[in-house]
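What follows is a short report on a single structure.
Computed from the coordinates by the stated procedures, all read-outs in this text should not be read as laboratory data. Note that the structure is a prediction, hence the values are computed from the model and not measured. When we count neighbours, we look across all protein chains shown, and the Cβ atoms used for this are built from the backbone with ideal geometry, even at glycine.
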Amino acid sequence: MNRTGDWIAERVPISLEGVAAMSNEPVPYHLKRWWFALGGTPAYLFVVQIITGVLLAFYYQPAPATAYESVRYITEDASYGWYLRGLHKWGATLMIAAVVLHQMRVFFTGAYRRPRELNWMIGMTILVCTLLLGFTGYSLVFEQLSYWGATVGANISDTVPVVGPIMKQALLGGEVYNDRTLSRFFILHGAVLPVVLILVLMMHIGLVRLHGVTELTFEGEEKKPAKYFNFFPEHFYTELIIGLTLMILLSALATLLPVHMGPPADPLVTPEVIKPEWFFYTAFRWLKLFSGTTAMLTQGFIVFVMFFWPFIDAWLVRRFKYADISVWIGVVGALLIMGFTMWEALVAH
Ligand code: HEM
């Protein structure tokens, strides 16, 4: 080793061979296909969100009197502000889509089954945190839709029995949207949720490492000469190419479909059409179909079932002696979500 290397090794006595062995896990062959290695994609996008989010926070001012103007300044005046905002906005969209796709691949390959039940539940916590990040971020701009979206969101949580009013109070910092509300959204969006997400992701990846990725066998596929390949450098290069492709895609979206300013928030004028972001379309359509409390309780029940799905699935498989029962339930669930999302996207009310 050279002098600098010796100097560092003496002060930070970590065995480089040990680190190399730890990071160089054997990866099953099917992870050569992007669909099976989708977990790395939201991880990459989360890093993009943290970097662009910190840069946006240099300019953003979380108060009703200043928020809209500060976002306008970023979008129209600050150097490359439009690009940063575009990366952050499109990064959020792609991250949520990637998390959902990764969850779907885990679901449809049955990779949540014993012994990975806990990692599925950790994954569900990640999903909830990601959606909450989307909701709180959307509320920061202080446009008409973000203001009314936040107000409607708080009123909806109010309909949950017992804890609803406390949740609403905690979110708004009062009975109604007020001067303290935006700073709450900002702290949740820029500090609490990202830190929770980082901690939960560490547990998630830690468990993936401890269990290894589920080995899958494909019908009619010719046997590969080797079942595993090394994480480093082979899988690392795959992830690098995915990361670079995503960066090009994000840049193209931010440039070709730039994010504009909507009309500023006006607490006295309710817009004719209030819509949340696309990832809440299913929940919003559900709310329109059923009364507030029924809608919230049924949605809570669905999330509960999703959380404990590995155990429910194990019981169903034992009861009906049919291993693919979850696939059919998943297909029906996915079609319903797509149907509700398109329904909400296509109609005004
Ligand atoms: C930011 C979000 C997430 C990140 C960065 C992430 C990351 C990863 C990575 C890198 C893997 C290794 C295999 C692969 O690449 O597919 C993995 C596996 C896994 N993930 Fe995630 N994940 C996220 C969200 C979720 C969600 C929402 C769920 C489910 C509710 C979930 C459940 C699982 C399970 C059960 C495995 C093990 C799969 C197997 O062994 O084949 N993850 N995750």
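Looking at the square roots a ≥ b ≥ c of the eigenvalues of the Cα gyration tensor of the range 12-113, which shape do they give, rounded for a/c under 1.5, prolate if a/b is larger than b/c, or oblate? Walk me through the intermediate numbers first.
Numbers: a/c = 3.31, a/b = 1.76, b/c = 1.88.
Taking the square roots of the gyration eigenvalues as a ≥ b ≥ c, the range 12-113 is oblate.
Expressed as cubic angstrom per residue, what is the convex hull volume of the alpha carbon set of the chain? Write down the numbers at each step before the final one.
Numbers: hull volume 67.7 nm³, N = 349.
Dividing the Cα hull volume of the chain by its residue count gives 194 Å³.
Run the quick spin-label model on Y322 and R105: label points 7 Å from Cα toward the beta carbon, then report their separation in nm to one decimal.
2.8 nm
Binning at 10 angstrom from zero up to the longest distance, how are the C-alpha pair distances of the range 67-192 distributed in percent?
All Cα pairs considered, the percentages come to 12, 33, 30, 20, 5, 0.
In degrees, nearest 10, range 0 to 90: what is the angle between the Cα axis of helix 144-158 and the longest Cα principal axis of the chain?
80 degrees
Rank by packing, highest mean first: peptides 77-90, 2-15, with packing defined as the count of other Cβ atoms within 10 Å averaged across residues.
Numbers: 77-90: 18.1, 2-15: 8.9.
Going from most to least packed, we get 77-90, 2-15.
Going by how many other beta carbons lie within 10 Å of each one, how would you line up L250, L182, L199, L127, fewest first? Spell out each step's value before the answer.
On the way: L250 22, L182 27, L199 12, L127 17.
Taking fewest neighbouring Cβ atoms as first place, the list is L199, L127, L250, L182.
Near K288, which aspartates and glutamates are there with a Cα under 18 Å away, not counting those fewer than 8 places off in the same chain?
D158, E272, E277, E344
Hey, what's the per residue convex hull volume over the C-alpha atoms of the range 237-302, in cubic angstrom? Working shown, then result.
On the way: hull volume 10.8 nm³, N = 66.
In the range 237-302, the Cα hull volume divided by residue count equals 164 Å³.
Helix 236-256 versus the longest principal axis of the chain: what is the Cα-based angle in degrees, 0 to 90, to the nearest 10?
The helix 236-256 is inclined about 20 degrees to the chain.
What number, rounded to the nearest 500 deg cm²/dmol, is the helix-based mean residue ellipticity at 222 nm of the chain, given -39500 (n - 2.57) per DSSP H run of at least four residues and division by all its residues? Intermediate results must be reported in sequence, preceding the final value.
Values: 15 runs with 226 residues, N = 349.
Result for the chain: -21000 deg cm²/dmol, rounded to the nearest 500.
Under 12 Å from the Cβ of N155, count the other residues' Cβ atoms, weight Lys and Arg +1, Asp and Glu -1, and hand me the total.
Values: positive: K168; negative: D158, E175.
So the environment of N155 carries a net charge of -1.
Could you work out how much longer the chain between I205 and L257 gets when fully extended? Use 0.36 nm per residue separation minus the Cα distance between them, nm to one decimal. Could you put the intermediate results ahead of the total?
Working: separation 52, 0.36 × 52 = 18.72 nm, distance 3.35 nm.
Length difference between fully extended and current span is 15.4 nm.
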